[in-house]
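Worksheet: the structure to be examined is printed underneath.
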Amino acid sequence: MNVAEQIETVQRKIGVTTLQSLAYVGSLAQLAGRSAQVTFVGPFRGRPIRAQRSIHQAMAVGVEAIPIVSLIAFLFGLILALQTAHELKRFGMIQLVADTVVVAVLRELGPLLTGIVVIGRSGSAFAAEIGTKKVTEEIDALRTMAFDPVAFLVAPKFLAMLVMVPALTIWADLMGVAGGSVFGVMGAGFSFHSYFTQSLHAIQLQDIYTGLIKSAVFGVLITAVGCREGFATGGGAEEVGRSTTSAVVTSIFLMVVVDLVFTALFYVTSTISS
(Lines give C-alpha, C1' and ligand atoms only; values in the text may rest on other atoms or scores of the structure.)
Protein backbone atom coordinates (compact mmCIF):
# COMPACT_ATOMS: atom_id res chain seq x y z
CA MET A 1 0.00 0.00 0.00
CA ASN A 2 1.54 3.29 -1.08
CA VAL A 3 1.39 6.58 0.76
CA ALA A 4 -1.58 7.90 -1.24
CA GLU A 5 -3.63 4.80 -0.45
CA GLN A 6 -2.74 5.06 3.23
CA ILE A 7 -3.83 8.69 3.31
CA GLU A 8 -7.07 7.79 1.55
CA THR A 9 -7.74 5.01 4.07
CA VAL A 10 -7.16 7.36 6.99
CA GLN A 11 -9.43 9.98 5.45
CA ARG A 12 -12.14 7.38 4.89
CA LYS A 13 -11.91 6.23 8.52
CA ILE A 14 -12.08 9.82 9.75
CA GLY A 15 -15.11 10.46 7.54
CA VAL A 16 -16.91 7.34 8.72
CA THR A 17 -16.16 8.14 12.37
CA THR A 18 -17.40 11.70 11.93
CA LEU A 19 -20.64 10.58 10.30
CA GLN A 20 -21.21 7.99 13.02
CA SER A 21 -20.60 10.60 15.71
CA LEU A 22 -23.03 13.03 14.09
CA ALA A 23 -25.62 10.28 13.73
CA TYR A 24 -25.20 9.41 17.42
CA VAL A 25 -25.64 13.02 18.50
CA GLY A 26 -28.67 13.24 16.21
CA SER A 27 -30.23 10.17 17.84
CA LEU A 28 -29.68 11.73 21.27
CA ALA A 29 -31.32 14.97 20.15
CA GLN A 30 -34.24 13.05 18.65
CA LEU A 31 -34.78 11.05 21.84
CA ALA A 32 -34.52 14.14 24.04
CA GLY A 33 -36.88 16.06 21.76
CA ARG A 34 -39.42 13.25 21.78
CA SER A 35 -39.24 13.07 25.58
CA ALA A 36 -39.71 16.83 25.87
CA GLN A 37 -42.71 16.65 23.55
CA VAL A 38 -44.32 13.90 25.61
CA THR A 39 -43.59 15.74 28.86
CA PHE A 40 -44.60 19.29 27.97
CA VAL A 41 -46.94 18.98 24.97
CA GLY A 42 -48.60 15.62 25.61
CA PRO A 43 -50.72 16.78 28.59
CA PHE A 44 -52.33 19.44 26.39
CA ARG A 45 -53.27 16.76 23.86
CA GLY A 46 -54.97 14.43 26.28
CA ARG A 47 -51.92 12.29 27.02
CA PRO A 48 -51.01 12.99 30.66
CA ILE A 49 -47.55 12.24 31.93
CA ARG A 50 -47.02 9.29 34.28
CA ALA A 51 -46.75 11.40 37.44
CA GLN A 52 -46.38 8.50 39.86
CA ARG A 53 -43.54 7.00 37.85
CA SER A 54 -41.86 10.40 37.57
CA ILE A 55 -42.03 10.87 41.33
CA HIS A 56 -40.55 7.40 41.84
CA GLN A 57 -37.70 8.26 39.47
CA ALA A 58 -37.17 11.62 41.20
CA MET A 59 -36.82 9.87 44.55
CA ALA A 60 -34.27 7.43 43.11
CA VAL A 61 -32.34 10.07 41.18
CA GLY A 62 -32.45 12.90 43.70
CA VAL A 63 -33.32 12.04 47.27
CA GLU A 64 -31.35 8.81 47.44
CA ALA A 65 -28.29 10.55 45.96
CA ILE A 66 -28.14 13.27 48.63
CA PRO A 67 -25.77 11.44 51.02
CA ILE A 68 -23.09 10.64 48.45
CA VAL A 69 -23.39 14.04 46.73
CA SER A 70 -23.10 15.77 50.11
CA LEU A 71 -19.99 13.84 51.10
CA ILE A 72 -18.18 14.26 47.77
CA ALA A 73 -19.01 17.96 47.41
CA PHE A 74 -18.02 18.69 51.01
CA LEU A 75 -14.66 16.95 50.62
CA PHE A 76 -13.95 18.60 47.27
CA GLY A 77 -14.75 21.99 48.77
CA LEU A 78 -12.26 21.31 51.56
CA ILE A 79 -9.63 20.05 49.08
CA LEU A 80 -10.12 23.09 46.85
CA ALA A 81 -9.67 25.44 49.83
CA LEU A 82 -6.47 23.68 50.86
CA GLN A 83 -5.03 23.78 47.34
CA THR A 84 -5.88 27.41 46.62
CA ALA A 85 -4.73 28.58 50.06
CA HIS A 86 -1.28 27.15 49.39
CA GLU A 87 -0.85 29.43 46.37
CA LEU A 88 -2.72 32.44 47.73
CA LYS A 89 -0.58 32.45 50.87
CA ARG A 90 2.51 33.02 48.71
CA PHE A 91 1.02 36.33 47.55
CA GLY A 92 -0.40 37.33 50.93
CA MET A 93 -4.01 36.97 49.75
CA ILE A 94 -5.23 34.01 51.74
CA GLN A 95 -8.37 36.00 52.57
CA LEU A 96 -9.49 35.29 48.98
CA VAL A 97 -9.93 31.59 49.72
CA ALA A 98 -13.66 32.06 50.25
CA ASP A 99 -14.06 33.91 46.94
CA THR A 100 -12.11 31.28 45.00
CA VAL A 101 -13.96 28.33 46.48
CA VAL A 102 -17.47 29.70 46.02
CA VAL A 103 -16.91 30.78 42.40
CA ALA A 104 -15.25 27.49 41.42
CA VAL A 105 -17.96 25.43 43.11
CA LEU A 106 -20.88 27.37 41.67
CA ARG A 107 -19.55 27.52 38.12
CA GLU A 108 -17.81 24.17 37.69
CA LEU A 109 -17.37 21.76 40.57
CA GLY A 110 -21.00 21.67 41.71
CA PRO A 111 -22.52 20.78 38.33
CA LEU A 112 -19.67 18.46 37.31
CA LEU A 113 -19.51 16.48 40.56
CA THR A 114 -23.29 16.16 40.62
CA GLY A 115 -23.31 15.03 37.00
CA ILE A 116 -20.64 12.38 37.57
CA VAL A 117 -22.45 10.99 40.61
CA VAL A 118 -25.77 10.94 38.74
CA ILE A 119 -24.13 9.19 35.79
CA GLY A 120 -22.76 6.49 38.05
CA ARG A 121 -26.01 6.01 39.93
CA SER A 122 -28.78 6.76 37.45
CA GLY A 123 -27.37 6.92 33.93
CA SER A 124 -26.02 3.39 34.24
CA ALA A 125 -29.28 2.25 35.83
CA PHE A 126 -31.30 3.67 32.93
CA ALA A 127 -29.19 1.78 30.42
CA ALA A 128 -29.36 -1.46 32.41
CA GLU A 129 -33.13 -1.21 32.94
CA ILE A 130 -34.04 -0.49 29.34
CA GLY A 131 -31.39 -2.89 28.05
CA THR A 132 -32.83 -5.70 30.14
CA LYS A 133 -36.31 -4.92 28.85
CA LYS A 134 -34.93 -4.96 25.31
CA VAL A 135 -33.27 -8.35 25.80
CA THR A 136 -36.40 -9.87 27.37
CA GLU A 137 -38.55 -8.38 24.56
CA GLU A 138 -40.65 -6.27 26.93
CA ILE A 139 -40.18 -3.24 24.69
CA ASP A 140 -41.54 -5.19 21.73
CA ALA A 141 -44.48 -6.16 23.92
CA LEU A 142 -45.14 -2.49 24.69
CA ARG A 143 -45.20 -1.66 21.00
CA THR A 144 -47.54 -4.60 20.37
CA MET A 145 -49.94 -3.19 22.97
CA ALA A 146 -49.75 0.24 21.26
CA PHE A 147 -47.70 1.83 24.05
CA ASP A 148 -44.99 4.30 23.06
CA PRO A 149 -41.74 3.10 24.74
CA VAL A 150 -40.45 6.67 24.91
CA ALA A 151 -43.55 7.92 26.69
CA PHE A 152 -43.69 4.84 28.91
CA LEU A 153 -40.01 4.48 29.82
CA VAL A 154 -38.05 7.62 28.95
CA ALA A 155 -40.35 10.59 29.65
CA PRO A 156 -40.66 9.94 33.43
CA LYS A 157 -36.89 9.73 33.68
CA PHE A 158 -36.51 12.87 31.57
CA LEU A 159 -38.81 14.89 33.84
CA ALA A 160 -37.23 13.57 37.04
CA MET A 161 -33.70 14.36 35.84
CA LEU A 162 -34.67 17.79 34.56
CA VAL A 163 -35.91 18.73 38.05
CA MET A 164 -33.61 16.79 40.37
CA VAL A 165 -30.17 17.35 38.80
CA PRO A 166 -30.35 21.17 39.23
CA ALA A 167 -31.75 20.62 42.74
CA LEU A 168 -28.86 18.29 43.58
CA THR A 169 -26.45 20.84 42.11
CA ILE A 170 -27.75 23.55 44.44
CA TRP A 171 -27.25 21.19 47.38
CA ALA A 172 -23.76 20.27 46.15
CA ASP A 173 -22.90 23.98 45.91
CA LEU A 174 -23.93 24.50 49.52
CA MET A 175 -21.95 21.49 50.71
CA GLY A 176 -18.88 22.55 48.71
CA VAL A 177 -18.91 26.00 50.27
CA ALA A 178 -19.42 24.39 53.69
CA GLY A 179 -16.39 22.17 53.08
CA GLY A 180 -14.29 25.20 52.19
CA SER A 181 -15.46 26.97 55.32
CA VAL A 182 -13.90 24.27 57.49
CA PHE A 183 -10.44 25.25 56.28
CA GLY A 184 -11.40 28.94 56.28
CA VAL A 185 -12.17 28.77 59.98
CA MET A 186 -9.37 26.41 61.02
CA GLY A 187 -6.56 27.63 58.76
CA ALA A 188 -7.33 31.08 57.39
CA GLY A 189 -8.59 32.99 60.42
CA PHE A 190 -12.23 33.30 59.35
CA SER A 191 -15.23 32.83 61.55
CA PHE A 192 -18.12 30.91 60.02
CA HIS A 193 -20.11 34.14 59.78
CA SER A 194 -17.32 36.10 58.11
CA TYR A 195 -16.53 33.23 55.73
CA PHE A 196 -20.09 32.92 54.46
CA THR A 197 -20.43 36.71 54.31
CA GLN A 198 -17.30 36.89 52.18
CA SER A 199 -18.67 34.10 49.97
CA LEU A 200 -21.97 35.92 49.46
CA HIS A 201 -20.14 39.10 48.45
CA ALA A 202 -18.14 37.15 45.85
CA ILE A 203 -21.19 35.59 44.20
CA GLN A 204 -22.57 37.13 41.05
CA LEU A 205 -25.84 36.26 39.37
CA GLN A 206 -23.95 34.81 36.40
CA ASP A 207 -22.22 32.29 38.69
CA ILE A 208 -25.59 30.94 39.81
CA TYR A 209 -27.41 30.65 36.49
CA THR A 210 -24.30 29.31 34.74
CA GLY A 211 -24.19 26.30 37.03
CA LEU A 212 -27.94 25.72 36.94
CA ILE A 213 -28.14 25.86 33.14
CA LYS A 214 -25.26 23.41 32.88
CA SER A 215 -26.85 21.04 35.37
CA ALA A 216 -30.19 21.05 33.55
CA VAL A 217 -28.46 20.26 30.25
CA PHE A 218 -26.41 17.55 32.00
CA GLY A 219 -29.63 15.97 33.26
CA VAL A 220 -31.13 15.84 29.76
CA LEU A 221 -27.86 14.53 28.33
CA ILE A 222 -27.48 11.76 30.91
CA THR A 223 -31.06 10.64 30.36
CA ALA A 224 -30.72 10.62 26.58
CA VAL A 225 -27.44 8.70 26.57
CA GLY A 226 -28.53 6.14 29.17
CA CYS A 227 -31.85 5.43 27.49
CA ARG A 228 -30.38 5.44 23.99
CA GLU A 229 -27.74 2.89 24.98
CA GLY A 230 -30.47 0.79 26.57
CA PHE A 231 -32.55 0.81 23.39
CA ALA A 232 -29.44 -0.09 21.37
CA THR A 233 -28.71 -3.19 23.48
CA GLY A 234 -28.19 -6.32 21.38
CA GLY A 235 -29.21 -9.86 22.16
CA GLY A 236 -27.78 -11.64 25.18
CA ALA A 237 -27.26 -10.76 28.81
CA GLU A 238 -23.64 -9.67 28.26
CA GLU A 239 -24.88 -6.88 26.00
CA VAL A 240 -26.60 -5.26 28.98
CA GLY A 241 -23.23 -4.83 30.66
CA ARG A 242 -21.78 -3.41 27.46
CA SER A 243 -24.61 -0.90 27.19
CA THR A 244 -24.19 0.13 30.81
CA THR A 245 -20.45 0.67 30.40
CA SER A 246 -20.96 2.57 27.16
CA ALA A 247 -23.60 4.79 28.78
CA VAL A 248 -21.26 5.78 31.62
CA VAL A 249 -18.21 6.45 29.44
CA THR A 250 -20.15 8.30 26.74
CA SER A 251 -22.08 10.39 29.26
CA ILE A 252 -18.93 11.55 31.03
CA PHE A 253 -17.22 12.42 27.75
CA LEU A 254 -20.19 14.33 26.34
CA MET A 255 -20.78 16.08 29.67
CA VAL A 256 -17.23 17.42 29.68
CA VAL A 257 -17.60 18.54 26.05
CA VAL A 258 -20.90 20.29 26.82
CA ASP A 259 -19.33 21.90 29.89
CA LEU A 260 -16.49 23.24 27.74
CA VAL A 261 -18.95 24.65 25.19
CA PHE A 262 -21.06 26.39 27.82
CA THR A 263 -18.01 27.71 29.68
CA ALA A 264 -16.60 29.18 26.48
CA LEU A 265 -20.02 30.63 25.58
CA PHE A 266 -20.48 32.26 28.99
CA TYR A 267 -16.92 33.56 28.88
CA VAL A 268 -17.45 35.19 25.49
CA THR A 269 -20.79 36.63 26.62
CA SER A 270 -19.34 38.09 29.80
CA THR A 271 -16.36 39.51 27.86
CA ILE A 272 -18.64 41.23 25.35
CA SER A 273 -20.95 42.62 28.03
CA SER A 274 -18.04 44.02 30.02
*Two-decimal Rg/Rh across segment 77-120, once Rg and the Kirkwood Rh are taken from alpha-carbon atoms*: 1.11
*asked:* Counting heavy atoms of the protein chains only and a 1.4 Å probe, report the per residue accessible area for segment 164-274 as a whole number of Å².
replied: 48 Å²
*Of the peptides 178-189, 105-116, 17-28, how do they stack up when ordered by the mean number of other Cβ atoms within 10 Å, highest first?*
105-116, 178-189, 17-28
*With the cut-off at 22 Å, report for segment 132-274 the share of all Cα pairs above it, as a whole percent.*
58 percent
*With the full set of protein chains in place, find how many percent of the accessible area of the chain is carbon and sulfur; take the probe as 1.4 Å.*
70 percent
*Probe 1.4 Å, accessible area per residue of segment 24-70, Å²*: 60 Å²
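Relative contact order for segment 169-273: what percent, with Cα pairs under 8 Å and sequence separation of 6 or more? Provide the component values of the computation, followed by the final result.
Numbers: 41 pairs, mean separation 21.5, N = 105.
After rounding, I find 20 percent.
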*Just the Kirkwood number for the chain, please: inverse of mean 1/r across all distinct Cα pairs, in Å, one decimal.*
20.7 Å
_More than 17 angstrom separation, counting every C-alpha pair in segment 57-141; what % is that?_
60 percent
*Have a look at segment 1-48 and give its Rg and Dmax from the Cα atoms, expressed in angstrom.*
20.1, 64
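The values are calculated or read from the model by the stated rules, or taken from the named source; none is laboratory data. These figures come from a predicted structure and were not determined experimentally. Because the Cβ atoms are built from the backbone with ideal geometry, glycine has one as well, and the counts that use them run over all protein chains shown. Heads up: the accessible areas ignore ligands, DNA and RNA and are worked out on the full protein's heavy atoms, side chains in. Shrake-Rupley method; radii C 1.70, N 1.55, O 1.52, S 1.80 Å.
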